[in-house]
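Only one structure is covered here, and it is reproduced in the block below.
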Amino acid sequence: MAGGWAKDGAVQDQIDSTIEDGVNEVRRRLQQQGPGLTECEECGETIPEARRKAIAGGRLCVDCQAERDRTQAHSAGYNRRGSKDSQLR
């Protein structure tokens, strides 16, 4: 039951979309498993052997991984609910 301008089932659609995003993120991470690279797939810099041993399937150097983590951290906090409380902040 939706109210106001929302269509029926809107809440369930939001829940389904959030779950789908989570599943897609996990699938993307699983695809990165396997043998690690000796060179970063983004910048081409050599990945140190210690990092390759510490992180199985590592494909990025420390700098590129840090940048990716910063980028993903910003998108992780998105509030799909659009509740009145979140709109007032």
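Couple of notes before you dig in:
- Within the stretch 15-41, restricting attention to residues that are modelled with pLDDT of 90 or more, part of a helix (DSSP H, G or I) and polar (S, T, N, Q), the residue that is nearest to Asp69 (Cα to Cα) is Thr18.
- For Gly3, the conditions (1) modelled with pLDDT of 85 or more; (2) in a loop (DSSP other than H, G, I, E, B) all hold with the exception of (1).
Yes or no, residue by residue, for (1) over 30 Å from Asp13 (Cβ atoms); (2) modelled with pLDDT of 85 or more:
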| site | (1), (2) |
| --- | --- |
| Glu49 | yes, yes |
| Ala54 | yes, no |
| Cys61 | yes, yes |
| Gln65 | yes, yes |
| Ser75 | no, no |
| Asp85 | no, no |
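- Index of the failed condition, Gly44 passing every other in (1) out of contact with any helix residue (DSSP H, G or I) (no Cβ under 9 Å at 6 or more places or on another chain); (2) assigned to a loop (DSSP other than H, G, I, E, B); (3) at pLDDT 90 or above; (4) surrounded by 12 or more Cβ atoms within 10 Å (Cβ to Cβ): (4)
The values are calculated or read from the model by the stated rules, or taken from the named source; none is laboratory data. What you are looking at is a predicted structure, and each value in this text was computed from that prediction instead of being measured. Cβ: placed from backbone, ideal geometry, glycine included. Neighbour counts: every protein chain shown.
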